[in-house]
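Scroll down for the structure; my scribbles are underneath it.
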Amino acid sequence: MAAKLGLSEAQVSQLKTAREATRDQIRAVRADTTLSPEDKHARMRQILADSKQQMQKILTPEQQAKLQELRAERQQEASATP
């Protein structure tokens, strides 16, 4: 994916750090037994939205457009598979 988007080494590093932080936050929410399922769902959605915003700050507009294309292609392939 990095090659298809033409990511720099700095971008790869930043995205890796962001993904790790997101993963850690999601694990913490899942492990929090004080939250109701609805609260967990809401927090996970917020974490993922924040992660997406952070990723968009790292990618150039051209890379963002290419990522959308790749996601659309992948979604088409998935829906075409029986």
Open item on the list: Against the definition (at pLDDT 95 or above and under 14 Å from the mean Cα position of the chain (by Cα)), how does Gln53 come out, yes or no?
Closed with: yes
Task: Selection status of Pro82, over 24 Å from Gln11 (Cα atoms) and modelled with pLDDT of 95 or more - done: no
- [ ] Mind checking which helices (runs of 4 or more DSSP H) fall wholly inside region 1-68 and carry at least 2 residues that are in contact (Cβ under 8 Å) with a residue 24 or more places away in the chain and surrounded by 14 or more Cβ atoms within 10 Å (Cβ to Cβ)?
- [x] 9-31, 37-58
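The values are calculated or read from the model by the stated rules, or taken from the named source; none is laboratory data. This one's a predicted model, so the numbers in the text were calculated from it and none came from an experiment. Note that each Cβ is placed from the backbone with ideal geometry, even for glycine, and that neighbours are counted across all protein chains shown.
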